[in-house]
Amino acid sequence: MWILISWVVFFLMIRRPPRSTLDRSSAASDVYKRQILHQPGGSDAWVISHRVFNLMTPYEFTADKYIELHSRFHFGGLLFDKIPWIQKFQLRERIVINSFWGSLSNANEQFNLQQNAQSTQKDPYVEVGVGIDNIFHLLSVHYLQRINYLKSPGAKGNHRGIFLGLKFIF
């Protein structure tokens, strides 16, 4: 009996990693009395990237005060493990939310009149998406949707997209 109790206590004490995880990164800055501006990382590629805005074109927005947030919630099979015929493929689901808010000071707006600099002073730029990871333990597919700034010059043809990813998951 004592051996059985010790085995039960031993297995209860083992820490297992959580099935779902939240991956997030953020950045913020305020450039004071300088002409150095921040352009959030945009991407023209069909490959999904962690720390860039996948539907934003490069140099679409400019700011000297900004807040940037990239979040990914990995469900770890929480939904797909409930479906028997999908469970054996060990697919993992993911939600992606990227946002950026930035503003330009009056001095920087006047300095950059020729550059046609656009800032997100009113509403933050937001893109959301869903994805499937662990396809053949190697691939991922994501669908992303741009929420606002749909009439921005850089948004032409970039309202939504399907992106591929390559990641070794074991």
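The values are calculated or read from the model by the stated rules, or taken from the named source; none is laboratory data. All figures in this text were calculated on a predicted structure; none of them were measured in a lab. FYI the Cβ positions are ideal-geometry reconstructions off the backbone, even for glycines, and counts take in every protein chain you see. Ligands, DNA and RNA are excluded from the accessible area calculation, which covers all protein heavy atoms including side chains. Shrake-Rupley method; radii C 1.70, N 1.55, O 1.52, S 1.80 Å.
Once the gyration tensor of the Cα atoms in the range 17-77 is diagonalised, the equivalent ellipsoid follows with semi-axes of 28, 16, 6 Å, ordered largest first.
With each pseudo-label sitting 7 Å past Cα toward Cβ, what's the VAL47-PHE89 distance in nm, one decimal? My value for the distance between the label points is 2.4 nm.
Given R0 = 45 Å, the distance between the Cβ atoms of LYS167 and GLN110 translates into a calculated FRET efficiency of 0.50.
Using equal-weight Cα scatterers in the Debye expression, the normalised intensity of the range 23-150 in log10 at q = 0.10, 0.14, 0.20 Å⁻¹ is -0.40, -0.67, -1.08.
Pop the C-beta distance of ARG19 and ASN148 into the FRET formula with R0 = 30 Å and round what comes out to the nearest 0.05. Before the final figure, lay out the partial values.
Working: r = 33 Å, r/R0 = 1.08.
Plugging the Cβ-Cβ distance into 1/(1 + (r/R0)^6) gives 0.40.
Shown here: the range 77-170, whose C-alpha atoms stretch 60, 23, 21 Å along the first, second and third principal axes, sorted largest to smallest.
Accessible surface for ILE147 stands near 90 Å², nearest 10, in the context of the full protein assembly shown (1.4 Å probe).
Probe radius 1.4 Å, ligands and nucleic acids ignored: give me the carbon and sulfur share of the accessible area of the chain as a rounded percent.
The computed percentage sits at 64.
Among the trypsin sites (Lys or Arg not before Pro) within the range 113-170, those in coil by DSSP and having at most 16 neighbouring Cβ atoms inside 10 Å are LYS122, LYS151, LYS156, LYS167. When shorter helices are ignored and each DSSP H run of at least 4 residues is given -39500 (n - 2.57), the per-residue value for the chain at 222 nm works out to -3500 deg cm²/dmol. Can you bin the range 94-142 into rounded, prolate or oblate? Criterion: square roots of the alpha carbon gyration tensor eigenvalues sorted a ≥ b ≥ c, rounded for a/c under 1.5, prolate for a/b above b/c, oblate for the rest. Prolate, because a/c is 1.5 or more and a/b exceeds b/c.
Just add up the charged neighbours of SER140: K/R +1, D/E -1, any other residue whose Cβ is under 10 Å from the Cβ of SER140.
Details: positive: ARG92, ARG94, LYS167; negative: ASP133.
Taking every other residue near SER140 into account, the sum is +2.
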